[in-house]
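Chemist: One structure coming up, written as structure tokens, with questions to follow.
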Amino acid sequence: AGEWLFGKSMANSDRHFILKNAIELDRFVYNHEARQRVRKELGIDDDVMVIGHVGRFHEQKNHSFILEIFSAIVQKEPKSLLLFVGDGELRGFITNQIHKLGLERKVIMTGVRSDVPDLLQAMDIFLFPSKYEGLGMAIIEAQAAGLPCIISDQIPEEVHVTDLVTSISLTDDASIWRDAILTAVNPDKRTAPYKALKDAGYDIKQTAEWLQSFYKKIFINSKR
């Protein structure tokens, strides 16, 4: 974007900065009590594997393929559940697909929620097969919650902040995605990659301090 707006010379100079779209990392750190509370609220038993997705119901997010993958998972792991968080113009279409696949008792659609950090705690793995993304902030948040993330190869490499992320081609069969999910999921081993995300520039406290300092410096220089 810097090159497009101002040219390569500016983008390669010390006057060009990249400020990460940071998050409140503390809110996403794994919390077992929150996991238990949210699962109870949603009626999810402790021994159920929860595959989660956060995103608006739009063609870009590839919800139809998520259902195809989940249908393959259910055949191998009956004690599994799909948790959709979000809303959008394709929600009705996806609801019809759920019925056609006979997955009504296996899919929960929460709609838009303000407690996404808590909902992430209730999940066991994060599935994000988008057809394209600018970055994919939901994946950053899922990593902050310690979730293994199975994502498409159409999502920028910059989202691979930790080793929790695995990319798979959208041309691969749903069974490939299923096997990757079943291999990656490990609810008994939930990591907390706080430092890795902070070092990568995704801690909003650190980012806010940098931005404040940046504007102060500009203000002081303008007064000289």
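The values are calculated or read from the model by the stated rules, or taken from the named source; none is laboratory data. Being a predicted model, the structure only gives us computed values, none of them experimental. Note: ideal-geometry Cβ built from the backbone for every residue, glycine included; neighbour counts use all protein chains shown. Quick note on the areas: whole protein, heavy atoms, side chains included, nothing else; ligands and nucleic acids left out. Shrake-Rupley method; radii C 1.70, N 1.55, O 1.52, S 1.80 Å.
Chemist: Give the separation of the Cα centroids, the range 56-96 to the range 162-181, in Å.
Modeler: The range 56-96 and the range 162-181 have Cα centres spaced 15 Å from each other.
Chemist: I'm checking a number: the convex hull volume of the Cα atoms of the range 42-115, normalised per residue, in Å³. What is it?
Modeler: 83
Chemist: Can you order the peptides 89-99, 154-164 by their average number of other Cβ atoms within 10 Å per residue, highest first?
Modeler: 154-164, 89-99
Chemist: Another question about this same structure. Enter the accessible area per residue of the range 1-94 (Å², integer; probe 1.4 Å; all protein chains in place).
Modeler: In whole numbers, the range 1-94 has 58 Å² accessible per residue.
Chemist: Using only Cα atoms, what is the ratio of the radius of gyration of the range 108-224 to 2.2 N^0.38 Å?
Modeler: The reported ratio for this selection is 1.32.
Chemist: Leaving out ligands, DNA and RNA, what percent of the accessible area of the chain is carbon and sulfur, probe 1.4 Å?
Modeler: Carbon and sulfur: 51 percent of the exposed surface of the chain.
Chemist: Using a Förster radius of 22 Å, what is the FRET efficiency between Ser167 and Ser64 based on their Cβ-Cβ separation? Nearest 0.05, please.
Modeler: Between Ser167 and Ser64 the formula returns 0.65.
Chemist: Viscosity 0.692 mPa s, temperature 37 °C: Stokes-Einstein D of the chain from its Kirkwood Cα radius, in µm² per second?
Modeler: 174
Chemist: So, in nm, how far is label His32 from label Asp87 when the simple model puts each one 7 Å beyond its Cα toward the Cβ?
Modeler: 3.5
Chemist: Suppose each label sits 7 Å from its Cα in the direction of the beta carbon; what would the Lys217-Glu24 distance come out to in nanometres?
Modeler: 2.8
Chemist: Which peptide among 142-150, 26-34, 44-52 comes first, and what is the full order, when sorted by highest mean count of other Cβ atoms within 10 Å?
Modeler: 142-150, 44-52, 26-34
Chemist: If you average the sequence gap of Cα pairs under 8 Å that are 6 or more apart and divide by the length of the chain, what percent do you get for the contact order?
Modeler: Computed value for the chain: 24 percent relative contact order.
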